[in-house]
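Everything below concerns the one structure shown next.
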Amino acid sequence: MEAAYGYSGAGLFGYSHMMGGYAGGQALYARVPFANVGPLKIESDLPDEKVLFLSDIFPTGYVAAENAQIHPGDTVAVWGCGPVGQFAIASAFMLGAARVIAIDRLPERLELARSLGAIVVDYSEEDVSVLTAIKDLTGGVGPDACIDAVGLEAHSSELQGFYDKVKTALIMETDRPSVLRQAIQAVRKGGTLSIPGYGGLLDKVPFGAAFGKGITMKMGQTNMHNYMKPLLERIEKGQIDPSYIISHRITLDEAPEMYKIWRDKKENVTKIVIDPWASKNAA
C-alpha cells in the first residue's frame, strides 16, 4: 500500500490486501471491531430495504454528486448506471441538476435511469459516439459536471479498450480508465469531474486536456458516518426510496449461483438483496 500510494491506508473490509486484507462482509456473520461505533439506529418503522443501502452505495452515489459541485440548472453526465450510478443520478437531481445524461449499455440499467428522468445514451449502439452524443445534447459546450461511476474496470470497444486489457494482463497497468478519459474530454471548460472510485496506476490519461480546460477534479473514499443520518432524513421525508434499484430477492443458499448470473449480465439484474435467515430448503 505504501509503495503504491505513498502512505498506509485504512483497514477496510473486502477491499483487498491494499487495505489490510480483511475479508468482506458478504457472509452470514462477520466480526467487526468497535461494532458499537458503526451502526446507525433506525428509530422509524421504515422497512429494511429502504435503509439497507445507507451502509454503502447510497452515500457513495450521493457524495459523487456532491463532489460534482452541482449548481441549480446544471447539466450532469454520469457514466455507469449500476447501483452507485443510479444513486449519483438521483442525487444529482436532488442537488438541483436540470438535466442528467446517463451512459450505459444494459437496457435494464438505462430504463432505471430513464425512470428517474435522465436522458440516456446507449454506448453499445454501433452508430453512437458517446462524446458526439454528449456534444449534441449540450450544444457543443459539454456538461457542467461529469461523474465516472464505472471506475477501474471500464469496458470499451475502441482501441483503448484492447490496449487496457493487454496492459492489465501484463500487470503493466492496474486499472482500465477508458471512462475517465472520456469524462475528461467531455466536461466543459472550467467544469468539474467527480471520481468516486479508482484503484492504482493508470495509463494514457489525457491530463493535458484537464489542465488546458481548467477543470476541477474531486474524488476520494466516502466517509459514511458524515452522510448516513442526513440521507436517512431524506428517505424519511420521501425524497428518495433507495429500494427502487432492487431487482432480485434471494436466499443465502442461492448467492453463489446469483453471482454467476450477475457476472454474465443475465436476468436483467440491477441489485440483489439476500435474506440471510431464509433458506431455499426450508419447509
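The values are calculated or read from the model by the stated rules, or taken from the named source; none is laboratory data. Everything numeric in this text was worked out from a predicted model, so none of it was measured. Cβ: placed from backbone, ideal geometry, glycine included. Neighbour counts: every protein chain shown. The accessibility values were calculated without ligands, DNA or RNA, using every heavy atom of the protein model including side chains. Shrake-Rupley method; radii C 1.70, N 1.55, O 1.52, S 1.80 Å.
For the reader, a short list of remarks on this structure follows.
- Listing of strands (runs of 3 or more DSSP E) fully contained in the stretch 189-283 that carry 2 or more residues being within 20 Å of G80 (Cα to Cα): 192-195, 216-219
- Contacts under 8 angstrom Cβ, first residue in the stretch 94-122 being farther than 15 Å from G80 by Cβ and open to solvent by 30 Å² or more (accessible area, probe 1.4 Å), partner assigned to a strand (DSSP E or B) and polar (S, T, N, Q), 6 or more apart: A98/T75; R99/T75
- Restricting attention to the stretch 138-160, the residues that are under 20 Å from the mean Cα position of the chain (by Cα), of a type in the set (D, E) and open to solvent by 20 Å² or more (accessible area, probe 1.4 Å) add up to 2.
- Unmet criterion (only one of (1) modelled with pLDDT of 95 or more; (2) surrounded by 13 or more Cβ atoms within 10 Å (Cβ to Cβ)) for G20: (1)
- Among the residues of the stretch 219-245, the one identified as surrounded by fewer than 16 Cβ atoms within 10 Å (Cβ to Cβ) and of a type in the set (A, V, I, L, M) is M219.
- Within the stretch 161-218, being in contact (Cβ under 8 Å) with a residue 40 or more places away in the chain, open to solvent by 40 Å² or more (accessible area, probe 1.4 Å) and over 20 Å from I101 (Cα atoms) holds for Y163, Y198, L201, K204.
- Taking the stretch 45-72 as the range and being open to solvent by 20 Å² or more (accessible area, probe 1.4 Å), out of contact with any Gly (no Cβ under 8 Å at 6 or more places or on another chain) and assigned to a loop (DSSP other than H, G, I, E, B) as the test, the residues that pass are D45, L46, P47, D56, Q69.
- Selection of the stretch 1-52 for residues being among the hydroxyl-bearing types (S, T, Y) and without any contact (Cβ under 8 Å) to a residue 60 or more places away in the chain yields Y5, Y7, S8, Y15, S16, Y22, Y29.
- Just so you know, in the stretch 1-14 the residues that are part of a loop (DSSP other than H, G, I, E, B) and over 25 Å from L232 (Cα atoms) include one that is least open to solvent (accessible area, probe 1.4 Å), and it is G9.
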